[in-house]
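Here is the structure we will look at, set down as structure tokens.
The values are calculated or read from the model by the stated rules, or taken from the named source; none is laboratory data. Not measured: the values here are computed from a predicted model. Because the Cβ atoms are built from the backbone with ideal geometry, glycine has one as well, and the counts that use them run over all protein chains shown. In case anyone asks, the SASA skips ligands and DNA or RNA and just uses the protein heavy atoms, side chains included. Shrake-Rupley method; radii C 1.70, N 1.55, O 1.52, S 1.80 Å.
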Protein chains: 2
Amino acid sequence: MNYPGKAKKQFKKELISHANRGMELEHIINDANAYYLDKNIAIIYKKPTPINIVKIDYDKKRITDAFFKEASTLDYNGVYKGLYIEFDAKECNNKTSFTLRNIHDHQIKHMERILEHHGICFLIIGMNCRYFLFDGNTLIDFINNNDRKSIPYSFIVENSFEIKYNYLKGLDYIEALDRLLEVKYEKR
Amino acid sequence: MNYPGKAKKQFKKELISHANRGMELEHIINDANAYYLDKNIAIIYKKPTPINIVKIDYDKKRITDAFFKEASTLDYNGVYKGLYIEFDAKECNNKTSFTLRNIHDHQIKHMERILEHHGICFLIIGMNCRYFLFDGNTLIDFINNNDRKSIPYSFIVENSFEIKYNYLKGLDYIEALDRLLEVKYEKR
């Protein structure tokens with residue numbers, strides 16, 4: 001049996017819910033960035049969405065035709081304690097694993113390059129109503145040592161730094177980053 | 001007497017010539033960035049142009065109405081030797097001075113913040129067929145200690161690091177940056 005109307009409605013509902021979730025994470029990260037900027041803790045910005053401009057109406061100073069380009073870098077970057085920071089935010093609806101389809105190959109390549117040049121890069125993963133700072137090195141090691149196309153939730157919990165949500169600061173990922181940096185510098 | 005037709009034509013000519021010059025500098029910096037990326041020297045990208053999207057045609061996946069936003073940061077950023085790098089490229093047509101109207105107040109504020117957080121920021125100034133790496137600290141000192149609305153060309157020549165143009169590398173600003181860093185680190 002077929003329920004095209006119902007299926008379509010369900011799809012639309014999921015789409016909206018998915019978009020909202022994505023926006024929500026972006027929103028609480030933007031709040032954190034505004035807080036860090038205001039308190040002079042870190043300078044992190046979301047990069048503008050890359051688009052290809054096709055047509056401009058010069059009289060009205062408006063773009064009348066353009067399309068979205070695929071990002072080849074991560075969404076956020078900036079400086080903290082003199083360090084180059086770059087990261088992406090990923091909301092995951094699946095409760096048991098994080099699919100690697102979420103990250104494009106050229107983004108992985110870009111992360112490898114950043115790490116090689118002593119930059120700090122990571123993902124902020126939102127999953128099961130918790131937020132994790134997942135280091136780029138851990139991600140790349142996982143990809144190189146596994147044939148899996150997804151990362152089990154248990155692996156993320158064990159190998160990342162949980163980020164606390166704070167009503168004042170938003171998603172306080174710098175606090176989690178400090179813990180990551182402590183481990184990194186201890187290793188050196 | 002009035003020559004509106006001639007004036008308009010002249011204006012259009014200047015506009016095109018100005019845009020070309022701007023594009024030219026952007027073009028040779030992009031070449032340099034591609035070279036640095038390819039040779040694994042530095043990872044520097046031009047940020048996408050910030051735009052405000054007003055209308056999207058979801059069926060065609062096209063943006064049908066949008067307008068340009070004013071940038072509050074600088075155009076290029078990335079990582080070099082573990083350092084956070086951010087800069088802007090400015091082409092100057094005036095042969096004797098560089099007008100400070102080229103740089104918005106919030107960009108100056110942003111540069112101050114970057115420097116305070118031990119990032120490196122600078123301008124690449126194209127003037128009189130020469131290119132200069134002009135350190136953010138020098139720029140901010142000049143603004144704080146002068147009432148002038150422009151920087152004399154002689155000041156730029158004396159207080160910046162000239163960038164060599166190389167047919168292979170494009171505008172080799174990393175070589176000039178190395179000289180700036182040498183001076184900066186010697187001071188510490």
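Just a few scattered comments:
- Enumerated strands (runs of 3 or more DSSP E) restricted to segment B:100-153, each holding at least 1 residues that are surrounded by fewer than 19 Cβ atoms within 10 Å (Cβ to Cβ) and either within 14 Å of chain A (Cβ to nearest Cβ) or touching a residue at least 24 places away in the same chain (Cβ under 8 Å) (or both): B:130-135, B:150-152
- Filtered by the rule that a residue be open to solvent by 20 Å² or more (accessible area, probe 1.4 Å) and on the phi > 0 side of the Ramachandran plot, segment A:75-84 gives a lone residue, A:Lys81.
- Residue among A:Glu162, A:Glu175, A:Glu182 that alone is more than 24 Å from A:His27 (Cβ to Cβ) and either open to solvent by 80 Å² or more (accessible area, probe 1.4 Å) or of a type in the set (Asp, Glu) (or both): A:Glu182
- Complete set of residues in segment B:37-55 that are in a strand (DSSP E or B), over 18 Å from A:Cys121 (Cβ atoms) and more than 9 Å from every other protein chain (Cβ to nearest Cβ): B:Lys46, B:Asn52, B:Lys55
- Conditions (1) over 17 Å from A:Arg179 (Cα atoms); (2) within 14 Å of chain B (Cβ to nearest Cβ); (3) open to solvent by less than 10 Å² (accessible area, probe 1.4 Å); (4) hydrophobic (A, V, I, L, M, F, W, C): number failed by A:Phe87: (1)
- Every residue from segment B:29-87 that is of a type in the set (A, V, I, L, M) and over 19 Å from A:Ile56 (Cα atoms): B:Ile29, B:Ala32, B:Ala34, B:Leu37, B:Ile41, B:Ala42, B:Ile43, B:Ile44, B:Leu74, B:Val79, B:Leu83, B:Ile85
- Matching residues, segment A:154-170, being in contact (Cβ under 8 Å) with a residue 12 or more places away in the chain and charged (D, E, K, R): A:Glu162, A:Lys164, A:Lys169
- Among the residues of segment A:140-149, none qualifies, meaning not one is at positive phi and at pLDDT below 95.
- Residue that is nearest to the chain's Cα centre (by Cα), among those in segment B:154-174 that are part of a helix (DSSP H, G or I) and over 20 Å from B:Gly119 (Cβ atoms): B:Ile156
- Candidate set from segment A:56-74 (those that are closer than 24 Å to B:Gly119 by Cα and either within 8 Å of chain B (Cβ to nearest Cβ) or free of Cβ contacts under 8 Å to residues at least 40 places away in the same chain (or both)); member that is most open to solvent (accessible area, probe 1.4 Å): A:Ser72
- Reported count of residues in segment A:69-99, each being part of a loop (DSSP other than H, G, I, E, B), within 15 Å of the chain's Cα centre (by Cα) and not polar (S, T, N, Q), is 4.
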